1. Please order Lys55, Lys79, Lys39 by the number of other Cβ within 10 Å, starting at the fewest.
2. Where does the chain land on Rg(C-alpha)/(2.2 N^0.38 Å)?
3. If I build a Gaussian network model for the chain, linking alpha-carbon pairs within less than 10 angstrom, which residue out of Leu116, Leu69, Leu21 has the largest mean-square fluctuation?
4. Size of the dipole of the range 60-122 about the Cα centre, Lys and Arg at +1 and Asp and Glu at -1 on the beta carbon, nothing else charged, in debye to 20?
5. Using a 10 angstrom cutoff on alpha carbons, build the Gaussian network for the chain and name the most mobile of Ala35, Ala92, Ala72.
6. In the Gaussian network model of the chain, springs joining C-alpha atoms below 10 Å, which of Leu51, Leu19, Leu80 carries the largest mean-square fluctuation?
7. Enumerate the amide H contacts of Phe78 below 5 Å, restricted to partners 5 or more residues apart or on another chain; note that Pro and chain-start residues carry no placed amide H.
8. Compute the relative contact order of the chain as a whole-number percentage, counting only Cα pairs closer than 8 Å that sit 6 or more residues apart in sequence.
Amino acid sequence: MSGPPWASFVHPAVATVGLLLAFRSVQIGLSIRQARARKQPQPAGAMASHLKVAKPGVIILVVAFFLGLASAYFVRHFKLFDSTHAWLGLVATVGFAATGLIGTGLVKDRASRRSLHVAFSLVGLGAGIVAALTGIPMLP
């Protein structure tokens, strides 16, 4: 290991913040979805809150992925993509990025692609949770 001792903890800390934002975003998104399914008005300010949390969450998670690669290679001297954690991180990152891209389209046209938005968010969140769990044993 090279670099300062704290360098190995930057990626997990940033990823944790991103996952917490993702959980909150899903929670708000589900409240919107439930209201829509019940043909009721969505909770006041829910869409604005969802976007306020989701946008930085996706950005933070993408940054966390690249921080993980940098940390693995430059600080920990791991071979890249030589772990389940790295591959799950890639799946989670693609899931979150796709969710964000599809969600951006939903803001403009709310009726289309909702199911894809939900599916990719579940892929991102599920892979992100398992990636976090597989990353714990890798901590120094």
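1. Listed from fewest to most nearby Cβ atoms, that is Lys39, Lys79, Lys55.
2. 1.15
3. Checking each option, the largest mean-square fluctuation is seen for Leu116.
4. Result for the range 60-122 is approximately 160 debye, rounded to the nearest 20.
5. Ala35
6. Leu80
7. Tyr73
8. 28
None of the figures in this text is laboratory data; all of them are computed from the coordinates on show. Source: prediction; values computed, not measured. For neighbour counting, all protein chains shown are included, and Cβ atoms are generated from backbone atoms with ideal geometry for every residue, glycine included.
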